[in-house]
């Protein structure tokens, strides 16, 4: 196997115990020096406990700089010492090691040297890293310097101010010296601290070398593979392990290290869920400032004015007596408390040392590993995993294992469904009951205004240092007596099947990934980001027609859990071609909320159904009429609730797309027909006739910076389509309806702005005459706070929040020539500040279609990485599912230009040339008309569209 072709460019070796047999000399020197110190400290022979050359060496000092090794061992024994004593022990150990080295000489591991030579023959660069200050001298004496392109030893560590293992500083510095990224390098280590350094440094592969019964510790430390000797690794196995590791990395999202300021963002990214509920990825012992929330789909309550709306800075007033205005946060059911000798260990204080949070997207499991150092240097690690079962929506699973790393102190793990700040953090809830009894805990609530009852029951078992919990969640939406339902569910669970519950959920995830996964050979990071988007789209999706997917799913509090046009225009196409049954469920939610839409139309003096811009349970509009800026108290009016009526046609468009892609006649004869007819009735009564044309006046289009506009191109186009399709369906289903003829007539006479002499479509009447707005690059891709401040002025200027006219060629690709699309892109793109996260993906799709490759890739990457990079600085309040789905659409309908005929989906003949830069191919499957179709697009050698 060619290692460089597989992506492996560098190999970094520890010295002691991997290259040279000097680890034994180090252990012997440590024993002599420590035993001398311990003997002098002991009051009598009974108190003297010698240094164990095997166990203590591996646990406390192996791989660490001398001073850190001394500190680690003495603190582990609970021995107080001065800095002078620490320096004295370190100096004596160094002197004794030198003596042993002179006495016995330097021996090497022949298998390691052979592996290094084979790596170099394949062009892999090599380096050696050691905490020993004698590193260079040993290599020189053994005549090994020629085998390495870079060397770092303990002297370099001091001179450069690098941290010692388990910090990854030295390894990362070595990779940089080899001109390689850590992801393309392998680390070879025999010390747990060194293995941990390799893992924390995000190296592509970490190989643990077990020289004496330390295999389990090396694996726990993060080794991908463990061997007793490097003769077990040939080039083929190493290359295979490296490639496999890269694939594994692409199936997970990992956070290394604790950053208090980013904790809420991490809680959003590491959310788990199953359509029924979602739980944010908060720490096992959440911080006081955390939003350690659980959300249950459909559980809403009256608005709490003190909670943010879409940004931390934005508050929204009460929505009157609406009982279902805001999604209800509940306390996380995964709370744990770890105590070490009675001292609570968490990141809230000063005890937190290391944190690794890993989301296994393939199985839907969140794992965490936290290390704490409490009084007297006691180091303890807590490893947990949690899962929201995709096989049983009412079931949550949790496991926790606490391990003493350098002490024998008493460890205690306690779990709780309660939150210490429940009344303030969860103001929608009234606690009804909290019971703990013999391994069972029950917590029940009722929402203050809407009256939903929620019951959470946890069964708990602790054995052999392992805490396991099976948690059941029910509400009065599920059962008239949620307490009885939760207890019955909990009691039916079998401890003997604990692992199988994880496996059953994983099997459901596997089925999803067989339909949703997108493979981009050689681009693991792109695959990872695409999977992250698909994972978060699947979390809130269910077959429950009473709920839809909110703007931030069940991952955060932004937008109060409201459902927007995002669900139909951005998210539904993803489900339509991945899991069509879930797409149907989204539309059935709209059908169930038709009465709310009818009430809204009536309020406007219209017939039919006008869907709410923001809706929850009933379909009534819950859009705030104003936003209050938290910092200044300034009020900003919001016009979207009364004017952004294009959502009504967006839903009709989604109905048509669903039927077109599934030919689901049952749906069309029922919910689909009623949705199309009621929305058409609204438009027929909302349009205004002026001469021989029908107009739509006083609206807000997708671009929310301009209100009260007439003849918005997007709104008029979508309304015309709504009327046309409703008339067609009436004929298709044999419905003799006079009004169907009226719909067709209005559609034919609808005024829809056409391209001018420049081929540009005016966004709305008078847009071209608005004042110019100098839009600086640094003002783009930010939440539009500044634009909202100046809403009156912005309404008179040519600056756009997001794609508006450019939405049309995305939704109707056959309706416009490439020349018209290009003219509109070149006109509107410089005017757009992308204040909405929905905008970059649309621009990526349009730019790809017209051959502007650099623009397409730039916008697509912004959309692809939006949440993982916190691109809009607001992921703390939940992820952006419509952006994720928009990214998916931009790939399929922009770069690949997938179109559908009567038989199957097809990518454009030019798709291979339009793949993002450096891609060689892409593979995915598409659901269409009852079948699944594999799509493979490969780049032809040397091709690239110009633009």
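The numbers here are math on the coordinates, done by the rules we state, and not lab data. Keep in mind the model is a prediction, meaning the values are calculated, not measured. So basically every Cβ, Gly included, is an ideal-geometry build from the backbone, and we count neighbours across all protein chains shown.
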_Expected 222 nm ellipticity per residue - DSSP helices of 4 or more, -39500 (n - 2.57), all of the chain, to 500_ = -10500 deg cm²/dmol
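Rounded to the nearest angstrom and ordered from largest down, what semi-axes does the equivalent ellipsoid of segment 23-104 get from its C-alpha gyration tensor (root of 5λ)?
Value: 19, 14, 13 Å, ordered largest first.
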*Hey, rough spin-label estimate for residue 423 and residue 902, points 7 angstrom out along Cα→Cβ, what's it come to in nanometres?*
7.0
*If a/c stays under 1.5 just call it rounded; otherwise compare a/b with b/c (prolate if a/b is bigger, oblate if not). Do that for segment 547-895, with a ≥ b ≥ c from the square roots of the Cα gyration tensor eigenvalues.*
rounded
*Looking at the chain, send over the antiparallel percent of its DSSP beta bridges, to the nearest 5.*
80
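Which translational diffusion coefficient, to the nearest whole µm²/s, is obtained for segment 90-187 from the Stokes-Einstein equation, given a Kirkwood hydrodynamic radius over C-alpha pairs, 10 °C and 1.306 mPa s? Working shown, then result.
Values: Rh = 14.7 Å.
In µm²/s, the coefficient rounds to 108.
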*Relative contact order for segment 722-783 using alpha-carbon pairs under 8 Å, separation at least 6, rounded to a whole percent?*
21
*Taking a label point 7 Å from the Cα of residue 67 along the Cα→Cβ vector, which residues of segment 128-160 have an amide N closer than 19 Å to it?*
130-135, 153-160
*Which one, (1) 50; (2) 31; (3) 58, gives percent of Cα pairs over 49 Å apart as derived from the coordinates shown?*
(2)
*Relative contact order of the chain: what whole-number percent is it, with Cα pairs under 8 angstrom and at least 6 residues apart?*
9
*Between the alpha-carbon centers of segment 112-143 and segment 156-207, tell me the distance in whole angstrom.*
15
_Once you place label points 7 Å from the Cα toward the Cβ at residue 519 and residue 934, how far apart are they in nm?_
0.8
*Where the centroid of each part is defined by its Cα atoms, how far is segment 214-283 from segment 797-862 in Å?*
37
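Using 0.36 nm per residue of separation minus the Cα-Cα distance, give me the extension gain between residue 793 and residue 826 in nm, one decimal.
Values: separation 33, 0.36 × 33 = 11.88 nm, distance 2.43 nm.
Working it through step by step, the gained length comes to 9.4 nm.
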_Explain nothing, just the number: relative contact order of segment 2-69, from Cα pairs under 8 Å at least 6 residues apart, as a whole percent._
21
_If you average the alpha carbon positions of segment 349-381 and of segment 637-716, how far apart do those two centres end up, in angstrom?_
50
*How much FRET efficiency would the formula 1/(1 + (r/R0)^6) give for residue 480 and residue 735, where r is the Cβ-Cβ distance and R0 is 35 Å, rounded to 0.05?*
0.35
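Based on the Cβ-Cβ distance from residue 775 to residue 48, what FRET efficiency comes out when R0 is 60 Å, to the nearest 0.05? Mind showing how you got there, number by number?
Working: r = 76 Å, r/R0 = 1.26.
Plugging the Cβ-Cβ distance into 1/(1 + (r/R0)^6) gives 0.20.
With 10 angstrom as the radius, rank 209, 799, 760 by how many other C-beta atoms surround their C-beta, starting from the fewest.
Numbers: 209 29, 799 23, 760 19.
In increasing order of surrounding Cβ atoms, one gets 760, 799, 209.
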